[in-house]
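These notes concern the structure reproduced below.
The values are calculated or read from the model by the stated rules, or taken from the named source; none is laboratory data. Predicted, not measured: the structure shown is a model, and the values here were computed from it. Backbone-built Cβ (ideal geometry, glycine too); neighbour counts: all protein chains shown. Areas reflect the complete protein model, heavy atoms only, side chains present, ligands, DNA and RNA absent. Shrake-Rupley method; radii C 1.70, N 1.55, O 1.52, S 1.80 Å.
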Amino acid sequence: MDAIKKYDKKLYKAIVGEQKRQQENLELIASENYATDAVLEAQGSVLTNKYAEGYPGRRWYGGCEHVDIAESLAICRVKKLYKAEHANVQPHSGSSANMAVVFSQLKFGEKILAMDLACGGHLTHGHPLNFSGKYFRIIPYGVDRKTERLDYDAILSLGKKHKPKLVIAGASAYSRTIHAKRLREVCDKIGAMLMTDMAHIAGLVAAGCHPNPVPYSEFVTSTTHKTLCGPRSGFILCKKKFAKPIDYMVFPGLQGGPLMHIIAAKAVAFKEAQTERFKKKQIQTVKNAYALSEQLKRLGYRIVSNGTDNHMLLVDVFKSKGITGKEASAVLDKARITVNKNLIPYDTQPPLVASGIRLGSPALTTRGMKEEQMKYIAGLIDVVLSNISNKKKIREVREAVSNLTKKFPIYKSRVLL
Ligand SMILES: *Cc1c(COP(=O)(O)O)cnc(C)c1O
């Protein structure tokens with residue numbers, strides 16, 4: 001980064017500071033990861049200079065012969081990865097992918113059955129301030145109060161009662177397998193379409209660690225930067241018969257020029273996701289989340305739904321320790337353990353306070369950590385949450401974190417300044 005270093009000292013310091021933070025902290029935010037060097041290279045390439053409105057072979061601009069290759073590679077690879085009939089790799093993010101699907105199929109005011117945000121759903125699944133909640137009639141489904149898992153029969157009853165046009169599956173804070181097959185049956189019974197938003201679990205699905213929703217869903221949307229470990233972006237997969245309306249809604253419906261450097265980085269990530277190495281990492285990601293969850297249980301914590309099938313878990317810190325999610329995440333931050341506060345199902349606390357914290361294993365697994373480190377980290381978390389006003393104890397944990405992260409460098413080829 002010599003050019004930035006010379007030209008813009010303030011910005012340079014911020015970037016270096018962030019790189020240092022990523023190296024020195026324990027990253028347990030379930031939606032984050034460390035993109036590979038190859039992904040970062042593609043993102044930082046000259047492809048950022050190119051306008052390419054349209055699609056490969058059908059552009060509104062000249063000189064697209066090279067970026068056409070990048071986009072075609074991305075499309076071809078992602079279709080192969082998930083066995084999809086059609087792919088659009090232009091959405092700038094997971095949210096814009098969701099918007100494109102919904103706008104392409106529904107008129108304003110039509111009904112969507114989607115997972116309640118308070119039970120783990122995403123903003124774009126019906127938050128009143130989001131396009132989804134503003135322009136469509138959202139019928140939320142939750143999880144069973146006892147098992148804290150999806151209750152497919154309850155979803156079917158809601159569907160029968162309200163007759164939504166679209167059912168949205170997928171979540172940002174749900175630690176159990178989502179059975180798209182069961183939701184397909186629901187949709188067939190009520191005459192609805194199914195959109196599965198696999199943003200969080202896309203890497204697990206690619207590796208076969210979570211059932212692939214593609215055969216059961218008219219539409220599958222995703223981000224590329226979570227378990228999939230690519231650049232910050234999104235994509236849409238759909239059945240062939242929806243290819244045209246989806247492509248037209250992404251461009252020119254919602255977006256202008258595609259980000260060709262990001263599309264190139266997606267092509268890299270989709271190639272990496274086909275490797276044995278990637279598969280092994282996803283298997284380890286699931287094992288690590290399980291190890292973290294089991295050790296926290298041994299230490300007396302209540303885990304929502306009593307565990308995890310995937311890369312994340314929700315810890316009910318309010319029930320376990322009498323502290324809120326907000327307090328827990330703030331004090332863990334002091335020990336350089338990065339998590340986010342999160343509502344638990346049927347939470348009694350307001351959203352900005354919350355009773356839980358969400359923990360994810362993807363970033364630490366990318367660094368090379370295994371079950372042994374997860375158990376150790378569960379212990380560190382427990383020390384902090386059991387001593388929230390004890391500065392000395394928190395300092396000791398911070399030192400332990402520092403010793404641990406030193407052993408697991410994130411970008412071996414990048415010099416930390
Ligand atoms: C993260 C996420 C998104 C949105 O992704 P952005 O790229 O941040 O817009 C959409 N859906 C789900 C379920 C997510 O977890």
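For this structure, a couple of remarks:
- Of the residues E27, E53, E218, the one that moves most in a GNM of the chain with alpha-carbon contacts below 10 Å is E53.
- Antiparallel bridge percentage (DSSP; both residues within the chain; nearest 5): 55
- Whole-number D in µm²/s for the range 336-417 (Stokes-Einstein; Kirkwood sum over Cα pairs; 4 °C, 1.567 mPa s): 88
- Fully extending the segment from F131 to N403 would add 93.4 nm, taking 0.36 nm per residue of separation and subtracting the current Cα-Cα distance.
- Kirkwood Rh and Cα Rg combined as Rg/Rh, the range 1-121: 1.04
- The packing ranking, built from the mean of other Cβ atoms within 10 Å per residue, places the peptides 282-291, 54-63, 361-370 in the order 361-370, 282-291, 54-63, highest first.
- Note on K5: lysines with a C-alpha under 26 Å away, same-chain residues under 8 apart excluded, are K13, K20, K50, K406, K412.
- Local charge for R77 was computed over the other residues whose Cβ lies under 14 Å away, with Lys and Arg +1 and Asp and Glu -1, and equals +3.
- Average 1/r across all pairs of distinct alpha carbons in the chain, invert it, and you get the Kirkwood radius: 22.2 Å.
- Residues of the chain: accessible area per residue with a 1.4 Å probe, Å²: 45
- Relative contact order, percent, the chain [alpha-carbon distance under 8 Å, six or more residues apart]: 22
- Principal axis box of the range 276-413, alpha-carbon based, largest edge first, Å: 44, 34, 26
- If you sort S132, S157, S320 by accessible surface, 1.4 Å probe, largest first, the order is S157, S320, S132.
- Normalised by residue number, the volume inside the convex hull of the Cα atoms of the range 40-272 is 112 Å³ per residue.
- Spin-label pair N390/N306, simplified geometry with 7 Å Cα→Cβ offset, distance in nm: 3.1
- Relative contact order [Cα under 8 Å, 6+ residues apart], the range 131-246, whole percent: 19
- 11 Å reach of a label modelled at L123, 7 Å along Cα-to-Cβ, counting backbone N of the range 135-177: none
- Packing-based ranking, highest mean first, of 229-237, 327-335, 39-47 given that Cβ atoms within 10 Å are counted: 229-237, 327-335, 39-47
- Accessible area per residue (1.4 Å probe, heavy atoms of protein chains only) ranks T36, T405 as T36, T405, with the largest value leading.
- Calculated FRET value between K20 and K279, using beta carbons and R₀ = 22 Å, to 0.05: 0.10
- With a cut-off of 14 Å between beta carbons, the residues surrounding N130 carry a summed charge of 0, where Lys and Arg count +1 and Asp and Glu -1.
- Unit Cα scatterers, Debye sum, the range 247-342: log10 I(q)/I(0) for q = 0.12, 0.14, 0.22 Å⁻¹: -0.66, -0.77, -1.05
- Ranking of T48, T308 by solvent-accessible surface, largest first: T48, T308 (1.4 Å probe, protein heavy atoms only, all chains present).
- Placing dummy labels 7 Å off each Cα toward the beta-carbon, the span from A154 to K83 is 3.1 nm.
- Taking the Cα atoms of the range 54-186, the ratio Rg/Rh between the radius of gyration and the Kirkwood radius comes to 1.05.
- Rg and Dmax of the range 60-125, both derived from C-alpha coordinates alone, stand at 15.9, 48 Å.
- Computed lengthening from K189 to K10, 0.36 nm per intervening residue step minus Cα-Cα distance: 58.6 nm
- Local electrostatic count, K241, Cβ distance below 10 Å [Lys/Arg +1, Asp/Glu -1]: +1
- Carbon + sulfur, % of accessible area of the chain - ligands and nucleic acids excluded, 1.4 Å: 55
- Ranked by how many other beta carbons lie within 10 Å on average, peptides 179-189, 257-267 from highest: 257-267, 179-189
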